[in-house]
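Sharing a structure below in structure tokens format, with a few things to ask.
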Amino acid sequence: MKIIGTGSALPKKIVTNDMLSEFLDTSDAWILPRTGIKSRHVISDETIEGLGEEACRKALDMSGLAPQDIDFFIVSNVVSEHVTPGLGCIISERIGLTCPTIDINCACPGFIYALDIAETYYKAGKVRNVLIACAEETTRMTDWGDRSTCVLFGDGAGAVVLAPGDNIRGTRLHSQPASDKIWQLRTLVPTPYITKEEADVPLQMKGRDVFKFAVTACTRDVEELLQDLGIAKDDVSWYMVHQANRRIIDAIIQYMEQPQEKFPVNITDHGNSSSASCPILLDECNRKGLFKSGDLMVLSAFGAGLLSGVAVLEW
Ligand code: UT7
């Protein structure tokens, strides 16, 4: 398979670090050096399905394909207002897709998991053109009184259109189960039979543990897959790494011993948009004309679960 179209969509509301310090005990002087984030896009009057639709339409436009040409739609999303039907069904209706669709919740590496699923469908000969959308409203998961989490996140959607081709060289997924590192609880509708205590808990995170996991998982995933594929790190033109924290990316660059220029970054004005982060970065770089045909690219992401994944492709 190969990527023939990319698209992204961001909420119009931009919240700077200084705006956060108006109601939180925080500051640009704390946030910027520790995370690399100056501002983030935050959902206000938009909907996540609207952002997903916009990203998909842009990716379809670039690909030259029509909605009826798509025969499988994968949507990555951690949380949305709709419990059912899945976000994939809701976006399908808005775009006019009639193909099967599945929602996946694989946290920040959701885009890599979606690519891996798509590749499996291609290998099975079941699909011709696949649409992937990653749409996330992470700012609706955190407690906006908790300075240790809410400053880190931003919202948005990214999409890619896939067509037949042999550009994907390989994918690799990993799981290191630990559900106490990044977690959130929401209560379900009560019944007369529920006797256990239930409470909504906004996003909780053991930041330092997640930081270590992110650096270790990313470098291990990338180095193992490149080695299996017989590709030297130096031969890779672009390392597209999940935009969680600038310091995580800097540590990965140091361990990988690769030039910083190979690691495009947009966290400065996006924050962490979970699974949407990689496809948004991909689309922004693609539209700037950064990639040349034949460039080798690594996509790597990590997050709650703890899950991680990597894909290597030729542009
Ligand atoms: O997709 C994966 C998602 N997760 C991540 O990428 C998170 C990875 N982890 C990190 O990026 C870092 O651990 C953080 C940026 C979240 C936190 O940085 P840290 O250097 O690990 O800080 P810390 O949590 O150890 O907190 C140090 C201090 C604490 O104060 P005390 O207890 O030392 O007085 C915090 O209360 O910094 C305080 N603090 C803040 N101060 C001002 C925490 N958040 C803030 C804040 N503004 N926003």
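Provide the per-residue ³J(HN,Hα) series for the range 190-196, in order, calculated from phi with Karplus coefficients 6.51, -1.76, 1.60 and θ = phi - 60°, each as a whole number of Hz, with x at glycine and proline positions.
For the range 190-196, the Karplus-derived couplings read x, 10, x, 9, 6, 10, 6 Hz, x marking Gly and Pro.
Sticking with this structure for a sec: Run the quick spin-label model on D209 and S293: label points 7 Å from Cα toward the beta carbon, then report their separation in nm to one decimal.
According to this spin-label approximation, the distance is 4.9 nm.
With charges only on Cβ, +1 for K and R and -1 for D and E, what is the dipole size of the chain about its Cα centre, in debye, rounded to 20?
Using Cβ point charges on Lys, Arg, Asp and Glu, the chain gives about 380 debye.
Ok, one more. Given the rule -39500 (n - 2.57) for each run of at least 4 DSSP H residues, summed and divided by the residues of the chain, what is its mean residue ellipticity at 222 nm, to the nearest 500 deg cm²/dmol?
-9500 deg cm²/dmol
Label the range 201-315 by shape, choosing from rounded, prolate and oblate, from the square roots a ≥ b ≥ c of the eigenvalues of the Cα gyration tensor; if a/c is under 1.5 it is rounded, and otherwise prolate applies when a/b is larger than b/c, oblate when it is not.
It is oblate, given that a/c is not under 1.5 and a/b is not larger than b/c.
Accessible area per residue of the chain at 1.4 Å probe, in Å²?
In whole numbers, the chain has 44 Å² accessible per residue.
Does the range 2-91 come out rounded, prolate or oblate, given a ≥ b ≥ c as the square roots of the eigenvalues of its C-alpha gyration tensor, rounded meaning a/c under 1.5 and, failing that, prolate meaning a/b above b/c?
It is prolate, given that a/c is not under 1.5 and a/b is the larger ratio.
Run down the lysines and flag those whose C-alpha is under 20 Å from the C-alpha of K212, throwing out any fewer than 8 positions away in its chain.
Counting by Cα, and skipping residues close in sequence, K212 has these lysines nearby: K181.
Next question. Round to a whole angstrom and tell me the spacing of the C-alpha centers of the range 274-315 and the range 168-213.
So the separation of the two Cα centres works out to 24 Å.
Please list, short to long, the whole-number percent of alpha-carbon pairs of the chain in consecutive 10 angstrom bins beginning at zero.
Taking all Cα pairs of the chain, the binned fractions are 6, 28, 36, 22, 6, 1, 0 percent.
Hey, another quick one. When only Cα pairs under 8 Å and 6 or more residues apart are kept, what is the percent relative contact order across the chain?
In percent, rounded to a whole number, it is 26.
For the chain, build the charge dipole from Cβ charges (+1 Lys, Arg; -1 Asp, Glu) around the Cα centre, then report which of F73, V201, T120 sits farthest towards its positive end.
Towards the positive end, the residue furthest out is T120.
Cα to Cα, under 16 Å, and not fewer than 8 places away if on the same chain: which aspartates and glutamates meet these conditions relative to K123?
D71, D166
How much of the DSSP beta bridge set in the chain is antiparallel, as a percent to the nearest 5?
75 percent
Which Cα, out of Q243, V298, L282, lies furthest along the positive dipole direction of the range 164-315 (beta carbon charges, K/R +1, D/E -1)?
The residue sitting most towards the positive pole is Q243.
Determine ³J(HN,Hα), in whole Hz, for all residues of the range 115-132 in sequence, where each value follows from phi through the Karplus function 6.51 cos²θ - 1.76 cosθ + 1.60 and θ = phi - 60°; x replaces Gly and Pro.
Values per residue, Gly and Pro as x: 4, 5, 5, 4, 4, 5, 5, 4, 4, 7, x, 8, 9, 10, 10, 10, 10, 10 Hz.
Scanning the chain for trypsin sites (Lys or Arg not before Pro) in DSSP loops with at most 10 other Cβ atoms within 10 Å, what's the longest stretch left with none?
Free of exposed loop sites, the longest segment is 13-195.
With only Lys, Arg, Asp and Glu charged, each at its Cβ (+1 for the first two, -1 for the last two), find how big the charge dipole of the range 171-314 is about the Cα centre; round to the nearest 20 debye.
Result for the range 171-314 is approximately 300 debye, rounded to the nearest 20.
Most mobile of G52, G64, G156 per a Gaussian network model of the chain (Cα springs, under 10 Å)?
Ranking G52, G64, G156 by mean-square fluctuation puts G64 first.
May I pose another question? Which percent of the accessible heavy-atom area of the chain goes to carbon and sulfur, probe 1.4 angstrom?
With neighbouring chains kept in place, the figure for the chain is 50 percent.
With label points built 7 Å along Cα→Cβ from the Cα atoms of W183 and A124, find their separation and express it in nm.
3.2 nm
Hey, with R₀ at 22 Å, roughly what FRET efficiency would D18 and W144 work out to, going by the Cβ-Cβ distance, to 0.05?
Here the calculated transfer efficiency is 0.90.
Add +1 for every Lys or Arg and -1 for every Asp or Glu among the other residues with Cβ under 15 Å from the Cβ of G145, and state the total.
-3
Tell me, what HN-Hα J-couplings in whole Hz come from the Karplus equation 6.51 cos²θ - 1.76 cosθ + 1.60 at θ = phi - 60° for each residue of the range 84-95, using x for Gly and Pro?
Karplus values, whole Hz, x for Gly and Pro: 8, x, x, 4, x, 5, 5, 5, 4, 4, 5, 8.
What is the gain in length, in nm to one decimal, between Q260 and T84 on full extension, counting 0.36 nm per residue of separation less the C-alpha to C-alpha distance?
Working it through step by step, the gained length comes to 59.1 nm.
The values are calculated or read from the model by the stated rules, or taken from the named source; none is laboratory data. Owing to the predicted nature of the structure, the values given are computational and were not obtained by experimental measurement. Every residue, glycine among them, receives a Cβ derived from its backbone with ideal geometry; neighbour counts consider all protein chains shown. These accessible areas exclude ligands, DNA and RNA; they are computed on the full protein's heavy atoms, side chains included. Shrake-Rupley method; radii C 1.70, N 1.55, O 1.52, S 1.80 Å.
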